[in-house]
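Just below is one structure, and these are the notes that go with it.
Taken together, the values in this text are just the output of simple stated rules run on the coordinates, not laboratory data. Predicted model, so just to flag it, every value in this text is computed and none were measured. Cβ placement follows ideal geometry from the backbone for every residue including glycine, while neighbour counts extend to all protein chains displayed.
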There are 2 protein chains.
Amino acid sequence: MTYCVGIQVDEGLVLASDTRTSASFDDVRTYAKTHRFVFPGERCLVLMSAGNLGTTQAVLSRLQRDLDEGAAINLRRPGRLFEIAEYIGGLLVAAQAQVNRGGRLPAVNVEATMIMAGQIAGEPPGLLLIYPLGNVIAASPETPYLQIGESKYGKPILDRIIRSSTSLDDAARCALVSLDSTIRSNVSVGLPIDLTLIRRDALELAESCRLEEHSPLYQAIRDSWAEQLNTAMGRLPRWPWEPPSADPIRRRQAAQQQQ
Amino acid sequence: MTYCVGIQVDEGLVLASDTRTSASFDDVRTYAKTHRFVFPGERCLVLMSAGNLGTTQAVLSRLQRDLDEGAAINLRRPGRLFEIAEYIGGLLVAAQAQVNRGGRLPAVNVEATMIMAGQIAGEPPGLLLIYPLGNVIAASPETPYLQIGESKYGKPILDRIIRSSTSLDDAARCALVSLDSTIRSNVSVGLPIDLTLIRRDALELAESCRLEEHSPLYQAIRDSWAEQLNTAMGRLPRWPWEPPSADPIRRRQAAQQQQ
């Protein structure tokens, strides 16, 4: 499986993806699922993918060929993000049909789902989900994040934290916690994590980095989050049946009085 | 859908379940999924169910009939929890066949899955999962919790917090947060929440309560958790590209120096 999340806040866009692919339990590999297409000052696009790796690579190969050959429609042509997403959706439908050899491999799931994010000069930034049928939906202020793959484990923290007004750096921290929670709870999603930040109107990547298991930055955030969660759990209200001595605040006060 | 979680710690057992059932989007009802069978001083059993409501009710009806009629095997007879779980597993298989009318309703999923927890005098407490095929697995010190239904949203917090050494009251708080996170992120899981605590060797229920949306206790824990999570997120380490002024600790120190 895979887990990718894209977040759109007022300050810009955050994209985070894991890198584990598995054809079966004994065929597990590492592949980047974040693909960046940057034309500084003109447009900045990031594509993340979940699902059949053959389908994804067929789409990426075709995107690059269309760019190289200056096809009538390619990643640099349409002036609107939605049209680029629809163009990719068309390639996705074609790639699935091609990989599936006209339905001759019914047992293999050839579907892929994609998240596209970025900005074109003169347009606001955008975050879009491209379904296997090629149809496209965009994020909105009420729905400021989109997920693909193993999305359930990492959803609660996004629902609680992410608003359009969240800062870009806080959104990136939340994306990392969402990925880390998923990785801890599901072996089909794995390190390293690819993280991309795009600031509104910059028309280039603000940050793009890979966080490995032993990256000091990843370790610091992961360990800090584990500690904070334990602290948070310890600060929840007591049950009515618990003795007052179980109340952590009263217990601390009592300890201080004894000193 | 449904979400139920059972936790086994050294001090005893915690069971928590939601109460939403839905046959379709426009057929949503409230049903208890926690069923308590207490024979004080002798044995104390709790059963939680997910899946087809007809199947579950067929099993419950049969369990009660076997008890009332003093059947050769009933909830008060076998001396081991595992045997009781296997007995319920047998009723579950029979109920599924009965509800399915011998396979004549292939479009309807008649499966149900159950969690059984409790203690019999002279035995240690136990927590067991009963699969639709009737087979049974028990929780263990390495796997101190079991879930049925919509289990993914509420799994990360359990993975981070629950150990065998966790106190019973802390485990109950964690179960409530796990339910609350699921309810916030998935409309098929809904309030009220049924919560049951069993202390080791008490052979009766320590606590059993229903938490409604406006229960002060549920509100207090839910609001406190939302606040704690925001605080926790704000305390995570800064990114290397963030200015020192963005560091909440340095910012606080700077504010104090200005005073």
Original post:
If you take the Cα atoms of the stretch B:61-172, find Rg, then find the Kirkwood Rh from the mean of 1/r over all pairs, what is Rg/Rh?
Top reply: 1.03
**OP:** For B:Arg184 and B:Asp26, calculate 0.36 nm times their separation in residues minus their Cα-Cα distance, and state this gained length in nm to one decimal.
**Re:** 54.9 nm
Original post:
Say R0 is 30 Å: what FRET efficiency, to the nearest 0.05, do A:Glu42 and A:Glu207 get from their beta-carbon distance?
Top reply: 0.95
Original post:
Over the Cα atoms of chain B, what Rg and Dmax result, in angstrom?
Top reply: 21.5, 79
Subject >> Ranked list, fewest to most other Cβ atoms within 10 Å of each Cβ, for B:Lys152, A:Lys33 >> reply: B:Lys152, A:Lys33
Original post:
Given charges of +1 on the Cβ of Lys and Arg and -1 on the Cβ of Asp and Glu, with all other atoms neutral, how large is the dipole of the stretch B:107-259 about its Cα centre, in debye to the nearest 20?
Top reply: 760 debye
Original post:
What is the diffusion coefficient of the protein assembly as shown in µm²/s, taking the Kirkwood radius over Cα pairs and the Stokes-Einstein relation at 25 °C with a viscosity of 0.890 mPa s?
Top reply: 96 µm²/s
**OP:** Just need the relative contact order of the stretch B:1-53 here, percent rounded to a whole number, with Cα pairs under 8 Å and 6+ apart.
**Re:** 31 percent
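Nearest 20 debye, what's the magnitude of the dipole of the protein assembly as shown about its Cα centre given +1 on Lys and Arg Cβ and -1 on Asp and Glu Cβ?
Here the size comes out at about 60 debye.
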**OP:** Could you please rank A:Thr113, B:Thr143, placing first whichever residue has the fewest other Cβ atoms within 10 Å of its Cβ?
**Re:** B:Thr143, A:Thr113
Subject >> Where N is the number of residues in the stretch B:1-121, Cα Rg divided by 2.2 N^0.38 Å >> reply: 1.11
Subject >> Proximal lysines relative to B:Lys155, as straight alpha-carbon distance under 17 Å, when same-chain residues fewer than 8 apart are discounted >> reply: A:Lys152, A:Lys155
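If contacts are Cα pairs under 8 angstrom and at least 6 residues apart, what is the relative contact order of the stretch B:1-153 in percent?
30 percent
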Subject >> Label-zone membership for the stretch B:117-140, site B:Ser165, 7 angstrom Cα→C-beta point, backbone N under 18 Å >> reply: B:140
**OP:** Over chain B, calculate the relative contact order: mean separation of alpha carbon pairs under 8 Å at least 6 apart, over the residue count, as a percent.
**Re:** 26 percent
Original post:
With charges only on Cβ, +1 for K and R and -1 for D and E, what is the dipole size of the stretch B:1-148 about its Cα centre, in debye, rounded to 20?
Top reply: 420 debye
Original post:
By counting other Cβ atoms within 10 Å of each Cβ, how are B:Asp223, B:Asp18, A:Asp180, B:Asp10 ranked from fewest to most?
Top reply: B:Asp223, B:Asp10, A:Asp180, B:Asp18
Subject >> Separation of the B:Gln98 and A:Glu242 label points, Cα + 7 Å toward Cβ, nm >> reply: 4.3 nm
Subject >> Where GluC sites (Glu not before Pro) fall in DSSP loop in the stretch B:111-178, at most 10 other Cβ within 10 Å >> reply: B:Glu142
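What does the helix-only formula give at 222 nm for the protein assembly as shown: each DSSP H stretch with n ≥ 4 adding -39500 (n - 2.57), the total divided by the residues, and the result rounded to the nearest 500 deg cm²/dmol?
On the way: 12 runs with 180 residues, N = 518.
When only DSSP H runs of four or more count, the value is -11500 deg cm²/dmol.
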Original post:
Which whole number gives the average, over all residues in B:182-192, of C-beta atoms from other chains lying within 10 Å of the residue C-beta?
Top reply: 2
